[in-house]
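Structure first, commentary second.
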Amino acid sequence: MPRRGFGLAGTLCNVPLVRSSILRPVSGCFDFAHLTPRCTALACALMCVTVARAHPEIENGLAELNPRIEATPNDAAQYLDRGELYARHADWIQAEANYLRAAELSPRLPGLDRARGALALRIGNPREAGGHFARALALDPRDAETFILRNRARVALGDRAGALADLQHALRLIESPRPELFLERAALIAAARDAVRSLDDGIARIGPVHTLQLRAFQLEESAGLIDAALARLSVIAAQSERKEIWLKRRGDVLMHAGRIAEARAAYGAALAAINSLPAWLRESPDSATLATELARLSGRAS
Amino acid sequence: MKLPQLFVTFALVAGSAVHAATTIVRGPYLQTATPTSMVVRWRTDNTEASVVSYGLERNELTSSAKAEGIGTEHIVQLTGLKPNTKYYYAVGAAPVPPPNPAKKAAEDAPGRAAINSFTTPPPVGPAKPTRVWVLGDPGTKNATQMAVRDVYYKFTGSRATDLWLLLGDNAYPDGTDADYQKAIFEMYPQTLRISPVWSTLGNHDGKSANSITESGVYYDIFTLPKRAEAGGVMSGTEAYYSFDYANIHFVCLDSHDSDRSAGGAMMQWMKADLAATQRDWIIAFFHHPTFTKGTHDSDKDSDSQGRMNDMRAIFLPVLEQAGVDLILTGHSHVYERSWLINGHYGKSDTFNASQHVKQKTNGRSDGEGAYKKPRRRAPHAGEISVVTGSAGHAGSATKPPPLNHPVFYLSLNEAGSSVIDVDGLKLDFVFLNEKGEKRDWFSIVKE
Ligand SMILES: [Fe+2]
């Protein structure tokens, strides 16, 4: 079986949260004497899991999991597996029903609270998610993924300081974090200089990644840190085989700052970069359009 | 047992005795190839040091490179290599002396005694005839996967595979390490040792990989260029990256588990990467197809949780704007190949041939003529979109998929793999089915 805890919880996609009126936080769901409408739905879902599904991948997964669950009906891990299968296919009710069964059988099952929290977050219950994540972290305080997910729950609840703390923690735990995590952290920091500093920390760790440099440049430019922004553009341009776009951007920044002569030089350098391209690239429509614009801008600058 | 085999076995046993019965259980395999460097990886059953001995002659492995520490997963980068040059190499715990010429037969045998070879990529930019093998959704571990493989081996013969692409769902059902062992490492040992492989993440790989922390089996197995080691712009992640080979720029996207939004990091990186390239050809590959009516349906929003929609509506326009020539995908276990198309970003019922087809011919040099594109890089000059997701199995024969998406010139419910040959400003494409039949072919010529 796959390594537990992946799938829904592991996604990096920033898709909008789905809100469901039937899925609200409940407890004691399998106390059948006190069934809420949601519990009824979940209990029914769990009882109906063998019903054929439309999606072949779910069918294949169930074909493997259902017999195992029948053979060992008290193995909580199997319900977690089945819940994650459903979660991967956005079947939230079936996913939750299976998680609840797993929780009944083994409340401290590794990965279960993270999966339940991820599901709660996904369906728009960040507060409930936070509770699951707290329990998951109590069981495994080195679970970077759960810190990242709890940071997102906290963002949804408006707790930016808590979110930032979680993300910092996660970034310390991951040896080589993806750039998206540094971008996510920078977005939590209000002061532009501090946000840039956080991005530079990311650059120091994983290299001058384009997306980090670009975000830092945007922050520097909007904060009026012109020389820093220009230096940043130089780094970005150095990574690109075609420098004209970034040289033009340099000209734009300088022009906006009223540094006309320097802007003209930058536009000229951009034009020279285009002219040094092989003919088949120089003559491409994009390059030709840019060259025309650069000529116009140079004229205006002068 | 034939004599050479007996000799190899003896050599392996003898070598094993010296090294406490350590056996290579995976690889060696080649990663992140650049004109001047190569990553060699392998796995042993016992912990030991990681050393690659290499040289320009089989019997003169005069150079060696090693990784720090000891372990069972061995990752060694060779640097300072010459472009477009054949190197012989052997892996082990210590530098090995060149073997006795009598061991020549050992080249394709696994184990520490084996001497393998690879050819470094040529200098970036100038054209060089390039053969690329493309496998979508191969990892079934079954007879179909083997048949598809063997058909290609026969097809390519002594012609080297310069690189090969895995379009995701490389190892069914769950992309576990054991799945990969059977579906990739025991399926293609020969190709792994001599040709660098590049991969994109599929949904089945995603079951045992964690994109948030970039960990798990997929990320453990592959060493992909997150720092633009092989060209392109630095992505900072192995989930999406690019690389150059001669006059081709390859762009790998993660359609499964990275942010696919227009403002997301993958898109920002891709825009910068495409804007920066000076290669003649741009080939993009990712798992989820932009169009399909095979074992998946790109018209259904719920199919694959909208990933196909995202790749078509969000990424395709940007790829076309940048002048992409070829888009390779899998996920749908069929073969579907488009006309030379542009500008179709909606569902199939919005497809309008007069608007979206740039050249409505079969693209065959021996038929209606190769597709023509301008030499100068022009936005929206048209690309061929290929779903080649049947390297492990095709759709059901008893309940065949509809295969009626109008964007495609040809749709086949057949297992097979694809081959790309780029020679200067000509690109030839072939789809070989599991029976060894050339079931589709086309060419694109830039002029
Ligand atoms: Fe797939």
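Overview of values
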quantity	calculated
Estimated [θ] at 222 nm from DSSP helical runs (n ≥ 4, -39500 (n - 2.57)) normalised by residues in chain B, nearest 500	-4500 deg cm²/dmol
Table column - 3J(HN,Hα) (Hz), region A:200-212, Karplus curve with 6.51, -1.76, 1.60, x for Gly and Pro	5, 4, x, 5, 5, 7, 10, x, x, 4, 3, 5, 6
³J(HN,Hα) computed for each position of region A:177-193 - Karplus, 6.51 cos²θ - 1.76 cosθ + 1.60, integer Hz, glycine/proline x	x, 6, x, 4, 6, 5, 5, 5, 5, 4, 5, 8, 9, 6, 6, 4, 4
Residue-normalised accessible area of the protein assembly as shown, given per residue in Å² at a 1.4 Å probe	37 Å²
Principal-axis tilt of helix B:265-276 within chain B, Cα atoms, nearest 10 degrees	90 degrees
C-alpha center-to-center spacing [region A:177-206, region A:261-275] in angstrom	31 Å
Accessible surface of A:Arg160 - all protein chains present, 1.4 Å probe, nearest 10 Å²	110 Å²
Backbone HN-Hα couplings from phi across region B:71-88 [Karplus 6.51/-1.76/1.60, Hz, Gly and Pro as x]	x, 9, 9, 10, 10, 10, 9, 8, 10, x, 7, 8, x, 6, 10, 7, 10, 9
Candidate residues A:Leu247, A:Leu212: accessible-area rank, largest first, probe 1.4 Å	A:Leu247, A:Leu212
Span from the region B:254-297 Cα centroid across to the region A:88-108 one, whole angstrom	33 Å
Reduced Cα scattering model of the protein assembly as shown, Debye log10 I(q)/I(0), q = 0.06, 0.12 Å⁻¹	-0.39, -1.48
GNM top mover of B:Gln305, B:Gln321, B:Gln77 - chain B, alpha-carbon springs below 10 Å	B:Gln305
Summed buried accessible area for A+B [probe radius 1.4 Å, Å², rounded to 100]	4100 Å²
Sequence-distant residues sharing a close amide H with B:Lys372 (under 5 Å, placed H)	B:Val445
Degrees between helix B:3-18 axis and first principal axis of chain B (Cα, 0 to 90, nearest 10)	70 degrees
Label point distance in nm, A:Thr292-B:Thr79, each placed 7 Å from Cα along Cα→Cβ	4.7 nm
For A:259-266, mean number of other protein chain Cβ atoms within 10 Å	0
Paramagnetic label zone (point 7 Å from Cα along Cα-to-C-beta, A:Arg193; backbone N under 18 Å) in region A:229-248	A:229-232
Pairwise label distance in nanometres, B:Arg227 with A:Asn275, each label 7 Å out on the Cα-Cβ vector	3.7 nm
Protection proxy ranking, peptides B:268-277, A:133-142, average beta carbon neighbours within 10 Å, highest first	B:268-277, A:133-142
Cα Rg over Rh - region B:130-446, Kirkwood	0.92
Exposure ranking of B:Val25, B:Val407 by accessible area [1.4 Å probe, largest first]	B:Val25, B:Val407
Top of B:Ser418, B:Ser211, B:Ser302 by mean-square fluctuation, Gaussian network on chain B, Cα under 10 Å	B:Ser302
Euclidean distance of C-alpha centroids, region B:304-341 and region B:114-176, integer Å	21 Å
Gyration tensor (alpha-carbon) shape descriptor, region A:188-266, a/c threshold 1.5	oblate
Nearest-10 value in Å² for the accessible area of B:Arg227, using the 1.4 Å probe	110 Å²
Inter-chain shielding of A:272-278 (mean C-beta neighbours from other protein chains, 10 Å cut-off)	1
GNM flexibility winner over chain B from B:Gly139, B:Gly263, B:Gly216 (Cα, springs under 10 Å)	B:Gly263
Cut-off under 5 Å, modelled amide H: who pairs with B:Ala246 long-range	B:Gly125
Between 0 and 90°, nearest 10: helix B:143-156 axis offset from chain B longest Cα axis	90 degrees
Test item: B:376-386 mean partner chain Cβ contacts at 10 Å	3
B:Lys360, B:Lys207, reordered so the largest accessible area comes first (probe 1.4 Å)	B:Lys360, B:Lys207
Cα→Cβ-extended label distance, 7 Å offset, between B:Lys435 and B:Gln190, nm	2.4 nm
Per-residue SASA entry for B:Tyr335, accessible area with 1.4 Å probe, Å² rounded to 10	0 Å²
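The values are calculated or read from the model by the stated rules, or taken from the named source; none is laboratory data. The structure displayed is predicted, hence computed values, not measured ones. Neighbour counts run over all protein chains shown; Cβ positions are idealised from the backbone, glycine included. When the accessible area is computed, the model is the full protein with side chains, heavy atoms only, and any ligands, DNA or RNA have been set aside. Shrake-Rupley method; radii C 1.70, N 1.55, O 1.52, S 1.80 Å.
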